[in-house]
Amino acid sequence: MHRLAGSIACGANREDRCEDRFWWGRFKAQRLCDERALLAAMAYVDLNPMRAGIADSLEDSAHTSVAARIASADKTAQVLGERLGPILGVLQPPLAITTADYLQLLDWTGRQLAPGKRGRITGDAPACLRNLESKPERWATRVRAVGSGYWRAVGSAEQLIDLATQIGQRWLKGVRLAERLG
């Protein structure tokens with residue numbers, strides 16, 4: 001992360017005329033091992049303004065991809081049926097979830113992460129979640145953990161073990177290779 005962000009941090013420090021650490025350890029790079037990890041990270045970021053009390057709804061959360069997706073859907077309903085891709089650029093192939101399904105998943109996830117909030121929906125998880133996660137309660141835990149529970153990579157235990165092997169380590173964030181092989 002130092003090599004990747006070092007020049008950006010130095011430039012920002014020059015621009016702000018300061019000598020402190022630019023990000024103060026708040027940001028990190030995490031490898032997203034699969035589509036489920038990518039969607040969990042997207043949901044975590046898209047729900048941040050609501051969790052922080054900065055926005056009251058997904059539409060009001062400025063500077064998030066979900067606000068841009070909702071604005072696009074307001075212009076043309078066709079966007080809702082398209083497979084989820086990036087706001088800018090090209091992702092090959094697009095994710096196996098539609099924009100409408102992602103918005104429904106975000107709404108449900110936000111309600112699960114704030115159980116004491118008025119209007120919480122305790123009903124069944126959206127259909128698209130059943131394809132991503134066998135137990136819906138794991139999904140909310142996975143999204144919450146993107147910000148606090150993971151360090152270098154987000155993925156299943158087997159994917160983390162494989163990644164540890166690839167980079168020559170015995171473990172990644174509590175998953176030890178010896179346990180899997182022993």
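The values are calculated or read from the model by the stated rules, or taken from the named source; none is laboratory data. Just so we're clear, the structure is a prediction, and the values are computed from it rather than from any experiment. Because the Cβ atoms are built from the backbone with ideal geometry, glycine has one as well, and the counts that use them run over all protein chains shown.
Observations on the structure shown:
- In summary, helices (runs of 4 or more DSSP H) completely within the stretch 106-182 and bearing 3 or more residues that are surrounded by 13 or more Cβ atoms within 10 Å (Cβ to Cβ), modelled with pLDDT of 75 or more and within 14 Å of the chain's Cα centre (by Cα) occur at 136-148.
- Scanning the stretch 69-79 for residues that are at pLDDT 85 or above and either touching a strand residue (DSSP E or B) at 6+ places or on another chain (Cβ under 7 Å) or loosely packed, with under 15 Cβ neighbours inside 10 Å (or both) yields a count of 1.
- For first residues located in the stretch 42-61 and hydroxyl-bearing (Ser, Thr, Tyr), partners that are surrounded by fewer than 17 Cβ atoms within 10 Å (Cβ to Cβ) and at pLDDT below 85 and lie 6+ apart or on another chain with Cβ distances below 8 Å form the pairs TYR44/GLY147.
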